[in-house]
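The values are calculated or read from the model by the stated rules, or taken from the named source; none is laboratory data. Keep in mind that this is a model prediction, so the values were computed, not measured. So basically every Cβ, Gly included, is an ideal-geometry build from the backbone, and we count neighbours across all protein chains shown.
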Amino acid sequence: MKISDLSSPFPFCPVRYDIKALIGRGSFSRVVRVEHRATRQPFAIKMMEVEAPEGREVCDSELAVLQRVSHANVIQLVEVFQFPQRVYMVLELATGGELLDRLVSRGHFTERDATQAIQMILAALVYLHSLGITHRDLKPENLLYYHPGADSRLLVTDFGLSAFASTLTRTTCGTPEYMAPEMLLRRPYSCAVDMWALGVIAYILLSGTVPFEDDSRTQVLIVCLFYPQPWPSVSNLAKDFILRLLVLDPATRLTAEKAVRHPWVVTTAANSSMTNLHRSISQNLRQRASRSSSWCPSSSTTSSTDASSLGRLMPPETKPKQQQQQGRAAGLIQPQRAIQPRARGHKEHQHHPTKALDSREG
């Protein structure tokens, strides 16, 4: 696409910014790399189509968050231009690539490298959750490095599906592979859905595969982990961190505040093996074909049979919280986990990552 072809949807750009390239496209948006004419500083401009109600809803959600936040590990809004049919967000430009792309390209990756990434994601989540903000579409594609250098900060991006605690509903939205069980069941949920997603991300980061498979996109298969390579080389602390996030009961799932104090995170995997996990992880990642499927429908696509099966594993929605806490204190109720030991000889599945289009920042 020629640069001149991009100018018409960006009427103010010739005045302040020079458009350099198209770097992303979504259902309701386009993202271009630009350069400020006065300072020559690079930025990204996200143009949102807001004439349709769906586009307006995504734009309003993202703007409400970006105008509120200021954190080193959250993408920063610089300025915004609003017109009847389009909204233009000027954002800091992240040039270091996506989390998993960085992992594959570097050639060497250990647990310590994984904890450094997790620490930065957790820093963002502690901050966002303290403001009552739930991301709802946390996944590797929405985690971008600010620059290509080894010391780059990692940014949480794409807040098109995010919501404040006061506006959370039972709406099922996000990317299926990273959705928490309570969201799939259309139960009331909280920022704990982001922590489930973090558990999936941590699992992928250490293995290149997902902890469960959802080929039909209508169910979560409760199968197991820690069996294929490279899990034998991964520390028990890392596995414990993941297990405490992939808990079916959101009330017993680690919060961001507690996760940041987990020994594996605090010690930056100091006691873990320095084994290079790169080969196994990159091979597993290459086996996963990308499929675009982030959505936020008015009704869940989880079938009644699947919901019933998953619901039996979840704690009762109406059970009084005080009763649950008393039972746990007495050792009567154990946190339920969404992962069970794999039977010997269980056939290994290939997994396919998914990408969001509705609010992709590119």
Selected residue (only one of Gly96, Gly55 is crowded, with 17+ Cβ neighbours inside 10 Å and modelled with pLDDT of 95 or more): Gly96
Residues of segment 163-184 satisfying the condition of being among the small types (Gly, Ala, Ser), farther than 15 Å from Leu245 by Cα and crowded, with 24+ Cβ neighbours inside 10 Å: Gly174
Per-region count, segment 69-89, residues surrounded by 15 or more Cβ atoms within 10 Å (Cβ to Cβ) and in contact (Cβ under 8 Å) with a residue 60 or more places away in the chain: 7
Search result, residues across segment 185-196 that are surrounded by 21 or more Cβ atoms within 10 Å (Cβ to Cβ) and touching an Asp or Glu at 6+ places or on another chain (Cβ under 8 Å): Tyr189, Ala192, Val193
Criterion violated by Asp151 - all others in (1) surrounded by fewer than 19 Cβ atoms within 10 Å (Cβ to Cβ); (2) under 23 Å from Glu257 (Cβ atoms); (3) in the same structural domain as Thr172 (by TED's automatic domain parsing) satisfied: (2)
Subset of segment 168-206 that is of a type in the set (D, E, K, R) and in contact (Cβ under 8 Å) with a residue 24 or more places away in the chain - its residue that is farthest from Leu254 (Cα to Cα): Arg186
Residue check, Ala44 touching a residue at least 40 places away in the same chain (Cβ under 8 Å), assigned to a helix (DSSP H, G or I) and touching a strand residue (DSSP E or B) at 6+ places or on another chain (Cβ under 9 Å): no
Residue list for segment 47-68, restricted to those being assigned to a strand (DSSP E or B) and either without any contact (Cβ under 8 Å) to a residue 40 or more places away in the chain or under 20 Å from the mean Cα position of the chain (by Cα) (or both): Glu49
Qualifying residue in segment 141-155 (condition: closer than 20 Å to Gly26 by Cα and in contact with a Pro (Cβ under 8 Å, 6 or more places away or on another chain)): yes
Residue within segment 245-256 that is on the phi < 0 side of the Ramachandran plot, modelled with pLDDT of 90 or more, surrounded by fewer than 19 Cβ atoms within 10 Å (Cβ to Cβ) and part of a helix (DSSP H, G or I) present: no
Qualifying helices (runs of 4 or more DSSP H) (wholly inside segment 149-243; at least 2 residues being within 30 Å of Arg56 (Cβ to Cβ) and at pLDDT 90 or above): 181-184, 192-207
Odd one out for Ser105, checked against (1) of a type in the set (Gly, Ala, Ser); (2) more than 30 Å from Val15 (Cα to Cα); (3) in contact (Cβ under 8 Å) with a residue 40 or more places away in the chain: (3)
